[in-house]
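Take a look at the structure below.
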């Protein structure tokens with residue numbers, strides 16, 4: 001599996017986790033508020049990390065193509 005594919009799956013997973021946490025908070029705002037806040041922060045960090053991986057993989061691919069051209 002390529003780094004781009006892995007990052008794309010990670011982005012989708014982080015987005016789904018954030019969305020699920022937001023929905024749980026909207027449905028029961030006072031239940032586990034701290035836990036849901038932490039879950040959304042973790043999802044945000046995971047999203048940023050996967051975007052960085054995607055960006056790096058894209059830059060590496062671009063550099064490789066420039067070398068081959």
Q) Mean separation of Cα pairs under 8 Å and 6+ residues apart, divided by the residue count of segment 3-68: what relative contact order is that in percent? A) 49
Q: Report, to the nearest 10°, how far helix 3-27 tilts away from the longest principal axis of the Cα atoms in the chain, using its own Cα long axis and a range of 0 to 90°.
A: 10
Q) By how many nm would the segment from residue 61 to residue 26 grow when fully extended, if each residue of separation counts as 0.36 nm and the alpha-carbon distance is taken off? A) 8.5 nm
Q: Quick one: plug the Kirkwood hydrodynamic radius of the chain (C-alpha pairs) into Stokes-Einstein at 25 °C, 0.890 mPa s, and report D in µm²/s.
A: 182
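Read-outs throughout are calculated quantities, based only on the coordinates presented, and are distinct from any laboratory measurement. Note that the structure is a prediction, hence the values are computed from the model and not measured.
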